[in-house]
Amino acid sequence: MSEPESPVLRLIPYLAAITAAIFIALPRLGGDGNLLISLVFAAVAYFAVYFIVKLIIHVLVTRIDSGSHDDQD
């Protein structure tokens, strides 16, 4: 996958992944939660959300780019 040109589009996957990791890890830290398991859940959530959002952005950008190139032919 090629990177989008916009810096905002490159930043969105990181922000979404950090947000998901925080919201999944924080509730698991409260109470009798195991710290190691919480960190594993946070890491899995981070990478899963990062790659899913990156894939969605790639699909959207390629559809928008291909739609604008069809008009020029």
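Quick note: the coordinates plus some simple rules give every number you see, no bench work behind them. In this text the structure is predicted, and so the values were computed from the model without any measurement. Counting neighbours? That spans all protein chains shown, and the Cβs are built from the backbone with ideal geometry, glycine included.
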*From F47, F51, grab the single residue that is over 20 Å from V8 (Cβ atoms) and not aliphatic (A, V, I, L, M).*
F47
*Quick one: which residue in A16, A25, A42 is surrounded by 15 or more Cβ atoms within 10 Å (Cβ to Cβ), within 9 Å of the chain's Cα centre (by Cα) and assigned to a helix (DSSP H, G or I)?*
A16
